[in-house]
Structures are given as C-alpha cells and as structure tokens.
Amino acid sequence: MRKLWLILPVLITFFVQEICAQVIPDDDLLRREVSYYGQARIIIGNPGIRKTAELSEIVSVTSVKDDIVRITLSPLTVEWFILQDIDYRIVERHDCKSDFTASDTREAMEWEKYPTYTQYDSIMRSFASHYPTLCRLDTIGKSIYGKLVMALKISDNVSSDEDEPEVFYSSSIHGDETGGFILMLRLADYLLKNHDTDSRVRNLVNNLEIWINPLANPDGTYRTGNTLTSPTRYNANGYDLNRNFPDPETPNTTKQKETLDMVRFMRNHNFVISANFHAGEEVVNYPWDRWYRRHVDDEWFFHISRKYADTAHLHSPSGYLDAFDNGVTNGYDWYKINGGRQDFITYELQGREVTIELDYSYVTPATELKTLWESNWRSLIGYLENATFGIHGKVKDGLTGAAVPARVFISGHDKDSSHVYSDMLTGSFVRMLAPGIWDLTFSAPGYVEKTVENIVVSADQKTEMVVEMIPILSPVDTMSTPVPLVYPNPAGEYIKMVLPAHQIGNVNIAIYNSMGLKLTDYNTVTYEDTPVLFYLDKFPGGVYSIIITNSDTKIRNICRFVVTKGN
C-alpha cells in the first residue's frame, strides 16, 4: 500500500489548479511521460528533512516548500522511485509554444524570443567578430550530442591574460530552465554595446575578466533538434548535471562529459566570484547546499545575496523574487543536495558562487523575457562589482620581487577550505570579506610564514596590499658560496659582519624579523677586510635574518642572528 504522505485538505485546491488530478498514481503513465519527454515532474507530501535528503541522493529534488516536495524523474530514476511506493501526483506539462522561437538571428537578438541552436551559435560568434578588442569566443567542450558548450570572455584587452580578477556567469545547466539563457546573451550584448558610454560598465570590463556561459546544457535545452520545444532538465544520458560535480560525500558518482569539461575549464581559471542561473523558484541561494553548518563567510554571502534581491525588488513587478527570506535563502535551509556546482566551486576551487533562481516558470514565456531582463540587469551588474571589493593583494619574494603562490588564510576563522591562494604567475589574490578588521596569514613552501595584522575591510570598498615573503635559507644556499661571518651571535648591543669577497662593493642590506617583516633596508658600500658594524639598540630580543645582495652581481647571502638584549 502506498504511503499517503500528501493528505492535507489545504492542498486540494492547489492540486486542482496545478497538477493533473489523479486520485491513484498511474505508474504506467509516469513511465510513458519519462520515456517520451525525457523526464516527468511530480510532487509528493513533505516527508521531513531526513527522508527528503535520502530521496535527494537518488532523484532530483527541485524544491521543498511548505508541505510539498517537487521532484523531477529521469529515465535513470523513474523505476527506483516507483519501487519506493510513495504517493505522488504528476505535474501537468506545458510545452513551448510555436511563437517562442525567433524566425532569424536578427529577431533573436531583440531578446524577446528564444534562438534556435544555430542562431545561438551565430549570435555568440557575432559578439566576437563585432567587438574583437573586447570579446573572445571560447569553447568549454562539446555535449554528448556534439553541441558546443560556449563561453564569452569580455575584457578591455581580451586577447591578453591580464592580472585582473576573473568572474563567471553560467546558465541553464538544467536544460529546461531557460530564462537565464536569454539574460546571459543580453548581458553580453549590453556590456559590449555600452563599454564606451557607460562608466559603470567600463569599470567592470576594464578591471575584470568577465566570462559568460549562456547555455551549459545544450542537449537538455535543444535535445536532438534545433528548436526549443520540449526541453529537459537532464543531459543526453539522463543525468542531472547540477548533482554531478565532485563532492566529498559522494565520491563515486559517474561524472558526465559536460561536467568533466566544465571542471577542467574552471580549474584553468581562478574565478573569484561566480553565479549559476536556474528557474523553478525566485530566490538567491548561497552555500552550503550539503552541510547544515554555515560557511565561515556566511555574513558576506548573505550581504551579496540580499543586495542582488533588493536591487531586483526596486525594478521588478510587485512580488518578484520574494520567496523565503524576501528572496534569499541558505541552501541547506531550503533542502540538501550533493554534487552541486556552487559547493564544488566554493569548497574545492576556493571561489565564491551562488545559485540564482530567476523565475517560478521553468521555461520563461517569451512574452515575459523583457520583464525578466528589466527586473535583473542591474542586479547582474552589481553582483559582478563584488569582485572589485574586498582585499586585493600581491604576494612576492622579498628579495627578487618574483610572484609567490601562497596560501592566504585567517587563523581562527577559516575552515572548510575557505582560504584562498595567490596566483602562481602574478602573485595576485582577492579575498572578499564582511566589513571588519582582519589578520591575514601567508604561507608558501620555502618561505617564512607571515601574518599581516589589522587590515581594514569596508563595505563595497577595495583594500589593496603588497606582501613580501622571505625565503628560508637552505643548505644549498650556504654550500656553493662563502657566507658572511656574523659576531657576536647571540648579540646584545651590536653585530659585526665580515663579508666574503663576492660581497665587496655596492650592496643592499635588509633585516627581517621572525615573522618576515622587513625592519630596515639600505644600500651601502663595503670594503675588503673592513667589517660592517650594525647597532641593535632598537631591536628587541628575537631571531632576525640578514639578506645581503650585491648590486652588481646580484649574488645574495642570507644569515641569521639572535638578539638577547631588549630595547
């Protein structure tokens, strides 16, 4: 006998209006719908947090609200679900109307109808050809049916990999959630057309590397055809791609081609902030999706989510984007999922991603695409601007000035992989934080760990810093060339240094404390058989490093001494 979880009288009116009124579940009808359309949407009564989480491990739970749970079944999951003997109702389908599709590329670029796949391809190529200095077309990969998964790079020097923060927008990883698809195309068009005339757009394009992937799952949206007629959530193999990313709790999930391509693409970049656009609700959803505990930067995540929703409220019809906490929710508070993209990016890639549900309608009607844009475009611009705020720094070698790939973390604060890394090639990093005063610690192999204290972070402002790290002396440094003789060591009032022959002449002398902070740095001339005298009256007790660099030969020596006498 089926478990009748859905028996509340208050839901009767809802069922009559929203779903096919089946008194007894029809398993054969469910199978036929999944076989013909590639999926079926159902609702069940809410069985509670634990049971819903268990269901989510197998089927695609798409929403939990009040007393109902919405589920989408694929050919891979329908038989398993039927075996669970759960009472359900099939949600009535609403296939796309004939007037959804643009007649040609020109009409598609008016952004009030959906393009065919070939028109979409032409539009993406036209952006790059019409704006060659601002836009470049890249390919993330190919779908199982061979459709391109494309991305646009938009930046003022687009052919160069500049030392600028990278940001990423991606939509329609669920192929039947289509409003974001058009928003991303229209956003690219807006940024390119307004770069020369709009200072806000110009600031973004000139100071960021913006990547936009309008359609992450073309097989779900177009299936084997060329028009948007009966899109499906899943890829061609029946997998929910937003449950398919690497996850420490589900390590053995079969990774799909589109997922592997996307992971490879994102690993090749260092996206400091990103967003993934969906439909089925109207809410900004932030990490974590899989854990009850909060992200350590929960305050910051809530702030950027709140700002997106509040901006949309100012420019949208009444009641838009007002689900949950007036348009904002923590992912786990809504319902638990594993294998989601936002948790993967935030945990494994040290990025920061939210999921933005744009529309209660999975397929936004063509007649509503203009309103969707008007409601969201300012929020889209504002969200990207978050990448220009927070702490922007460079980590470099204190001797050579070379970039240092360092781990940047906040002791006592960071956990769950919330730290960030400075770039291997440039040494640049971005750490977005809630307003406050923060201490950042920098660590890198071969360098003395360093903490910089009392860094002020203000709301919607940039804090810039340069961090110099001191190399740790290795045996190789001392064996290949003679080293200075430092005495007395330990020292009290002064030290003397007898320099080897290769350090006679013009030299730079720098002294650092044990935390890697440079205390003094000066140029002098040294002479053969004449020790260098250095007074320690201003140095408290501790361990210090001296770095001596010949200005002509660039040969350097590092030695250490201990001060046992305070100020």
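Worth pointing out:
- Taking Ser418, Ser172 and counting other C-beta atoms within 10 Å, the order from fewest to most: Ser418, Ser172
- Protection proxy ranking for 102-113, 450-461, using the average of other Cβ atoms within 10 Å per residue and placing the highest first: 102-113, 450-461.
- Residue exposure sequence - Ile90, Ile173 - by fewest surrounding Cβ within 10 Å: Ile90, Ile173
- Annotation: extensible slack from Arg202 through Met424 equals 77.2 nm (criterion: 0.36 nm per residue apart, minus Cα-Cα distance).
- Two-site FRET efficiency, Leu137 against Asn506, from Cβ-Cβ distance with R₀ of 35 Å, rounded to 0.05: 0.10
- Counted charge near Asp460, where neighbours are those whose Cβ lies closer than 12 Å (Asp, Glu -1; Lys, Arg +1): +1
- Region 380-428 - percent relative contact order, Cα under 8 Å, separation 6 or more: 36 percent
- Comparing Cα centroids, region 412-450 and region 317-350 end up 25 angstrom apart.
- Sequence-distant residues sharing a close amide H with Thr62 (under 5 Å, placed H): Arg70, Ile71, Thr72
- Among the GluC sites (Glu not before Pro) in region 161-203, those located in a DSSP loop and surrounded by at most 16 other Cβ atoms within 10 Å of their own Cβ are Glu162.
- Across the chain, the mean sequence separation of Cα contacts (distance under 8 Å, 6 or more residues apart), normalised by length, yields a relative contact order of 10 percent.
- Entry note, the chain: the mean residue ellipticity at 222 nm calculated from DSSP H runs of n ≥ 4, each adding -39500 (n - 2.57), is -7500 deg cm²/dmol after division by the residues and rounding to the nearest 500.
- Other-chain or far-sequence residues with amide H under 5 Å of Thr451's (modelled H): Phe442
- Cut-off under 5 Å, modelled amide H: who pairs with Met150 long-range: Ile140, Leu215
- Calculated from the structure at hand, volume of the Cα convex hull per residue in Å³ is found among [x] 169; [y] 179; [z] 147 as [y].
- Phi-derived couplings, Karplus 6.51 cos²θ - 1.76 cosθ + 1.60 at θ = phi - 60°, listed residue by residue for region 258-270: 4, 5, 4, 5, 5, 4, 4, 4, 5, 5, 7, 10, 10 Hz, with x used for Gly and Pro.
- Modelled FRET efficiency - R0 45 Å, Val525 with Lys462, Cβ distances, 0.05 increments: 0.60
- Reachable lysines from Lys193, criterion Cα separation under 19 angstrom, eight or more residues apart if same chain: Lys153, Lys370
- Total formal charge among the other residues, if their Cβ is under 15 angstrom from that of Leu519, Lys/Arg +1 and Asp/Glu -1: +1
- Rounded to the nearest Hz, the phi-derived 3J(HN,Hα) couplings of region 356-368 under the Karplus curve 6.51 cos²θ - 1.76 cosθ + 1.60 (θ = phi - 60°) are 10, 8, 8, 7, 4, 6, 4, 9, 4, x, 4, 5, 10, where x marks glycine and proline.
- A simple packing score, the average count of other Cβ atoms within 10 Å per residue, orders the peptides 492-503, 239-250 as 239-250, 492-503, with the highest score first.
- Across region 450-472, the residues whose backbone nitrogen lies under 15 Å from the label position 7 Å along the beta-carbon direction of Asp439 are 450-456.
- Region 429-438 - phi-based ³J(HN,Hα) in whole Hz, Karplus 6.51/-1.76/1.60, Gly and Pro as x: 8, 10, 10, 8, 9, 5, x, x, 10, 10
- The gain in end-to-end length when the Tyr494 to Glu79 segment is fully stretched comes to 141.2 nm, 0.36 nm per residue minus the alpha carbon separation.
- Counting 0.36 nm for each residue step from Ser129 to Arg560 and taking away their Cα separation leaves a gain of 149.3 nm.
Each value in this text was obtained by applying a stated rule to the coordinates, not by laboratory testing. Here the structure is a predicted model, which is why all the values come from computation and not from measurement. Quick reminder, even Gly has a Cβ in these numbers, built from the backbone with ideal geometry, and neighbours come from all protein chains shown.
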